[in-house]
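To start, the structure itself, in structure tokens.
The values are calculated or read from the model by the stated rules, or taken from the named source; none is laboratory data. This one's a predicted model, so the numbers in the text were calculated from it and none came from an experiment. Every residue, glycine among them, receives a Cβ derived from its backbone with ideal geometry; neighbour counts consider all protein chains shown. The protein model used for the area step is the full one, side chains on, heavy atoms only, and it has no ligands, DNA or RNA in it. Shrake-Rupley method; radii C 1.70, N 1.55, O 1.52, S 1.80 Å.
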Amino acid sequence: MSLAFVTALECKEPHSDEVWDVSWTANDTAISASADGTVKQWDSTSGQVSSSRPPHNLAIVSLSVSPDGRLVLFNSLEGTTFLWDLSTDSIVGRHESYDRSAVEGAEPSWSVSLHPKGETYAASNGSGNVTMYSANPDSFGTRQGILSSGKNKHGMLCKYSPDGRRVALSVESGQIFIFDVESMSLTTTYSSHAMSVRSFAWSYDGSLLLTASDDKRLILHDVRSTPSGKPGSGAVATLIGHSSWVLSTDISPDSRLAVSGSADKTIKVWDLAARAAVSTVQESGEVWAVSWRPKPALPGSAGAFVSAGQDGCVRWWRSAGTGA
């Protein structure tokens, strides 16, 4: 099996500004969110846009796709959250999280994450909390509760675990918090990084959390190994090789490999067991987003992933093995 990766496809109609988030869906399309205010769905065989949303007046900073690839949750710079139903190509939910006249103490959302079952969504904000909202179109944006980290730090990213039972939050100071959704309580705090954690990824079985930081490192955490409620490093591996901020990361479906994108204008693929980079790709700009293909790799192949970043272009990469 070759662990080298080569370009498989490049998008035909790049965004006019940086792409800040991207996701490869279960339907073999890719969804990208850009500073130009647009969200696009791409055909992963042709690189053509198959559908898109009209430009928002501000950048789209975060997106989250349902496991079945039907729903896309995305959030704008000022905190307007949308739910896009791809099956009908319509917006079925919209919430202005910054509107304090609607809810006392409202916090503008930054990063958003859709529950795997599509019932709720989580949103980080500037105060170090995660706010839970209804994702039901009939009550979209209704506040369900607040998960508090106890730290007044900007929430860079929040994500549900694959089973929807936990939410992880990373903050600008480098800490990562894990909350239990049922009890609405903080269970684990990781202090593994010295600088902001801009990206992290859950493994598909929810046992691992890979974090990417401005300190140029990726750190792999086994979320089963840290005593409940006690802060600590929780690190089982440190991946070193980028020469600047690590901006994005994801884990392959079989948890063997990880991919990362950096401000050093490279993409690296990592063998998690070997704790080493096995492929490095030079890009034209900062790599703000990466996403592994959710379908398992074919025999003889290490799989495929999609990337996007500073140049506004979405690119698909495949291993140099026998298939993707």
Original post:
Just wondering, is there one or more residues in segment 1-10 that are among the small types (Gly, Ala, Ser), open to solvent by 40 Å² or more (accessible area, probe 1.4 Å) and within 22 Å of Ser66 (Cβ to Cβ)?
Top reply: no
Original post:
Looking at segment 166-180, is at least one residue in contact (Cβ under 8 Å) with a residue 40 or more places away in the chain, open to solvent by 50 Å² or more (accessible area, probe 1.4 Å) and in a loop (DSSP other than H, G, I, E, B)?
Top reply: no
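Inside segment 300-317, can you point out the residues that are open to solvent by 20 Å² or more (accessible area, probe 1.4 Å), at pLDDT 95 or above and under 18 Å from Leu257 (Cβ atoms)?
Keep residues of segment 300-317 that are open to solvent by 20 Å² or more (accessible area, probe 1.4 Å), which gives 300, 310-311, 315.
Pick out the ones that are also at pLDDT 95 or above and you get 310-311, 315.
Arg315, the sole residue that qualifies.
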Original post:
Here is a list of conditions, (1) crowded, with 16+ Cβ neighbours inside 10 Å; (2) of a type outside the set (S, T, N, Q); (3) touching a Leu at 6+ places or on another chain (Cβ under 7 Å), and Ile267 meets all of them except one; can you say which number that is?
Top reply: (3)
Subject >> Enumeration of residues in segment 209-233 that are farther than 21 Å from Lys151 by Cβ and modelled with pLDDT under 95 >> reply: Asp222, Arg224, Ser225
Original post:
farther than 29 Å from Asp99 by Cβ, open to solvent by less than 30 Å² (accessible area, probe 1.4 Å) and at pLDDT 95 or above: does that describe Ala30?
Top reply: yes
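Inside segment 13-26, can you point out the residues that are assigned to a loop (DSSP other than H, G, I, E, B) and at pLDDT 95 or above?
Pro14, His15, Ser16, Asp17, Glu18, Thr25, Ala26
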Original post:
Could you say which residue among Arg198, Arg217, Arg224 is charged (D, E, K, R) and free of Cβ contacts under 8 Å to residues at least 24 places away in the same chain?
Top reply: Arg224
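Just checking, does segment 253-262 include any residue being open to solvent by 10 Å² or more (accessible area, probe 1.4 Å), in contact with a Pro (Cβ under 6 Å, 6 or more places away or on another chain) and at pLDDT 95 or above? Talk me through it step by step, then tell me what you get.
As a first pass, look at segment 253-262 and keep what is open to solvent by 10 Å² or more (accessible area, probe 1.4 Å): 253-256.
Next, only the ones that are in contact with a Pro (Cβ under 6 Å, 6 or more places away or on another chain) stay: 253.
In the following step, the residues that additionally are at pLDDT 95 or above were identified as 253.
Within segment 253-262 (the criterion being open to solvent by 10 Å² or more (accessible area, probe 1.4 Å), in contact with a Pro (Cβ under 6 Å, 6 or more places away or on another chain) and at pLDDT 95 or above), the answer is yes, since at least one residue qualifies.
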Subject >> Subset of segment 197-209 (residues that are among the polar types (S, T, N, Q) and buried (at least 21 other Cβ atoms within 10 Å of the Cβ)) >> reply: Ser199, Ser203
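Considering only residues that are farther than 16 Å from Thr189 by Cβ and in contact with a strand residue (DSSP E or B) (Cβ under 6 Å, 6 or more places away or on another chain), look in segment 144-158 and name the one that is least open to solvent (accessible area, probe 1.4 Å). Walk me through how you get there before you give the answer.
If we filter segment 144-158 for residues that are farther than 16 Å from Thr189 by Cβ, which is where we start, we get 144-146, 154.
Imposing the further condition that a residue be in contact with a strand residue (DSSP E or B) (Cβ under 6 Å, 6 or more places away or on another chain) reduces the set to 144-146.
Values: Gln144: 112, Gly145: 16, Ile146: 82 Å².
Top of the filtered list is Gly145.
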Original post:
So which residues in segment 210-227 are buried (at least 16 other Cβ atoms within 10 Å of the Cβ) and within 21 Å of Ile240 (Cβ to Cβ), if there are any at all?
Top reply: Leu210, Thr211, Ala212, Ser213, Asp214, Asp215, Lys216, Arg217, Leu218, Ile219, Leu220, His221
**OP:** State which residue is nearest to Ser148 (Cα to Cα) when the search covers only segment 183-207 and only residues that are touching a Lys or Arg at 6+ places or on another chain (Cβ under 8 Å) and outside any strand (DSSP E or B).
**Re:** His193
Original post:
For segment 282-299, what are the residues that are open to solvent by less than 20 Å² (accessible area, probe 1.4 Å) and either among the hydrophobic types (A, V, I, L, M, F, W, C) or part of a loop (DSSP other than H, G, I, E, B) (or both)?
Top reply: Gly285, Val287, Ala289, Val290, Trp292
